[in-house]
Amino acid sequence: MKTYLILSIFFISCLSVAAVPTPQTQLDIYAVLPVSPEPVVTPESIAKFIPTDSSSYTDEEKWIRQVGKRTIKAITKSDFVKKSSLGKTADSIKESTSTEIKSSTPTHSNEIQHKVKFSFDPYNAEARMRYSGFFNCSAFYDAFDGDLKVELSEQIDDTSIKIQHSTSEQNSTLLLGWTW
């Protein structure tokens, strides 16, 4: 009899707890913001690879070279390539080919210190050279476009004189400038 009494009290207590109303959560459907995926292809992502200013490219060969150059640049800047053995090799080439040569430190005020700095960037196929001493000179070569730029500059008192020569497949330019 005690067992029946205990079981009946237990069931009554369970029913009474179950019969107590609980507060309902009200969902407002207008409070939920719709989530849309970001577009995979955007005008900015296309511009990374394809030149959008077609008026500056007179022939399709130069345009195709620009597409190749931009594509290679974007791929080589990715973490996947930088962490690969190819990326590590390119980084070691870049570090080992960048060097600076200096003459001894001048002992007199009228002596000139000469510096030559070389660097090569295998990712962008670019080579640079800078000289400072009697005058300042820099040279830049872009292997993708076949462009060569050489610039000579000299500061004489308050006047700066600059001569720049640029060559590409289609033209050659010589510029002379000075500021005072």
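The values are calculated or read from the model by the stated rules, or taken from the named source; none is laboratory data. Note that the structure is predicted; figures quoted are calculated from it, not measured. We place every Cβ from the backbone using ideal geometry, glycine too, and count neighbours over all the protein chains shown.
Do we find a residue being acidic (Asp, Glu), within 15 Å of Thr99 (Cα to Cα) and touching a residue at least 12 places away in the same chain (Cβ under 8 Å) anywhere in segment 114-125? There is at least one residue in segment 114-125 that is acidic (Asp, Glu), within 15 Å of Thr99 (Cα to Cα) and touching a residue at least 12 places away in the same chain (Cβ under 8 Å).
Table: residues versus (1) at pLDDT 85 or above; (2) within 22 Å of Pro51 (Cβ to Cβ); (3) surrounded by 15 or more Cβ atoms within 10 Å (Cβ to Cβ).
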{"position": "Lys62", "(1), (2), (3)": "no, yes, yes"}
{"position": "Gln66", "(1), (2), (3)": "no, yes, yes"}
{"position": "Ser84", "(1), (2), (3)": "yes, no, no"}
{"position": "Thr97", "(1), (2), (3)": "no, no, no"}
{"position": "Ser104", "(1), (2), (3)": "no, no, no"}
{"position": "Lys117", "(1), (2), (3)": "yes, no, yes"}
{"position": "Ser132", "(1), (2), (3)": "yes, no, yes"}
{"position": "Gly146", "(1), (2), (3)": "no, yes, no"}
{"position": "Ile161", "(1), (2), (3)": "yes, no, yes"}
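Restricting attention to segment 139-148, does a residue exist that is under 19 Å from Ile112 (Cβ atoms) and either free of Cβ contacts under 8 Å to residues at least 60 places away in the same chain or not hydroxyl-bearing (Ser, Thr, Tyr) (or both)? Scanning segment 139-148 turns up no residue that is under 19 Å from Ile112 (Cβ atoms) and either free of Cβ contacts under 8 Å to residues at least 60 places away in the same chain or not hydroxyl-bearing (Ser, Thr, Tyr) (or both). Beta carbons closer than 7 Å, at least 6 apart along the sequence or on distinct chains, pair a first residue in segment 58-78 that is within 21 Å of Tyr123 (Cβ to Cβ) with a second that is in a helix (DSSP H, G or I) and modelled with pLDDT of 80 or more for Ile75/Val81. All conditions but one from (1) closer than 29 Å to Gly68 by Cβ; (2) surrounded by 15 or more Cβ atoms within 10 Å (Cβ to Cβ) apply to Leu175; the one that does not is (2). Counting only strands (runs of 3 or more DSSP E) that sit completely within segment 94-143, those holding 2 or more residues that are within 21 Å of Lys73 (Cβ to Cβ) and of a type outside the set (D, E, K, R) correspond to 115-121, 136-142. Annotation: Ile93 fulfils all but one of (1) touching a residue at least 24 places away in the same chain (Cβ under 8 Å); (2) surrounded by 15 or more Cβ atoms within 10 Å (Cβ to Cβ); the unmet one is (2).
Report yes if some residue within segment 108-115 is under 20 Å from Leu148 (Cα atoms), β-branched (Val, Ile, Thr) and more than 19 Å from the chain's Cα centre (by Cα); otherwise report no. Checked against the condition, which is being under 20 Å from Leu148 (Cα atoms), β-branched (Val, Ile, Thr) and more than 19 Å from the chain's Cα centre (by Cα), segment 108-115 yields no hits at all.
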